[in-house]
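I have placed the structure first, in the form of structure tokens, so that the comments after it can refer back to it.
The values are calculated or read from the model by the stated rules, or taken from the named source; none is laboratory data. Predicted model only: the values in this text are computed from it and were never measured. So basically every Cβ, Gly included, is an ideal-geometry build from the backbone, and we count neighbours across all protein chains shown. Just so you know, the surface numbers come from the protein's heavy atoms only, side chains and all, with ligands and any DNA or RNA stripped out. Shrake-Rupley method; radii C 1.70, N 1.55, O 1.52, S 1.80 Å.
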Amino acid sequence: VQLQASGGGLVQAGGSLRLSCAASGSTFSINSMAWYRQAPGKQRALVARINSGGSPNYADSVKGRFTISRDKTKNMMYLQMNSLKPEDTAVYCCYAYTLVEAYWGQGTLVTVSS
């Protein structure tokens with residue numbers, strides 16, 4: 001499984017961005033997918049996760065502002081980010097789990113200016 005994230009950029013506080021993650025390869029084997037982020041000087045942290053049935057889970061810091069979704073027909077995962085804050089600045093990576101192995105995509109940088 002290969003993952004390609006896109007959609008990052010520079011946005012002002014209060015703005016919105018939509019990240020996309022394109023999956024290719026053995027996508028039929030993907031069970032759950034997730035977005036992680038790593039801010040400068042901090043460890044990588046889970047942002048949101050969506051299971052095979054479409055049920056999402058969110059980090060407390062993004063609840064009510066971010067929405068994760070997945071389109072299995074297009075092998076895509078999305079992260080709609082609203083009401084962005086400077087503390088959301090990070091490199092965002094997509095992740096896929098197949099019950100056997102985990103896969104990581106390259107990151108996309110999100111910068112939120114105050």
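Each label point was placed 7 Å from the Cα along the Cα-to-Cβ direction; for residue 38 and residue 51 their separation is 2.8 nm. Placing R0 at 35 angstrom, the Cβ-Cβ distance between residue 87 and residue 28 gives a FRET efficiency of 0.40 after rounding to 0.05. Measuring max minus min along each principal axis, the C-alpha atoms of the range 7-53 give extents of 37, 22, 20 Å (largest first).
Shown in residue order for the range 25-33 are the 3J(HN,Hα) couplings computed by the Karplus curve 6.51 cos²θ - 1.76 cosθ + 1.60 at θ = phi - 60°: x, 7, 5, 5, 8, 6, 9, 10, 9 Hz (x for Gly and Pro).
Along the range 103-111 the Karplus relation, 6.51 cos²θ - 1.76 cosθ + 1.60 evaluated at θ = phi - 60°, assigns HN-Hα couplings of 10, 10, x, 6, x, 10, 7, 10, 10 Hz to successive residues, with x for each Gly and Pro.
Per residue, the accessible area of the chain comes to 53 Å², computed with a 1.4 Å probe over protein heavy atoms only. So what's the gap between the Cα centers of the range 1-33 and the range 54-114, to the nearest angstrom? When both Cα centres are located, 7 Å separates them. Under a 5 Å amide H cut-off, with hydrogens placed 1.01 Å from N, residue 9 pairs with 110, 111 among residues at least 5 apart or on other chains.
Using θ = phi - 60° in the Karplus curve 6.51 cos²θ - 1.76 cosθ + 1.60, the 3J(HN,Hα) couplings for the range 71-82 round to 10, 5, 5, 9, 6, 10, 10, 10, 9, 8, 10, 10 Hz; x is entered for Gly and Pro.
Tell me, for the chain, which Cys residues have no other cysteine's C-beta sitting closer than 4.7 Å. Cysteines lacking a close Cβ partner in the chain: 93. Here the chain exposes an accessible surface that is 48 percent carbon and sulfur, computed with a 1.4 Å probe and the other protein chains kept in place.
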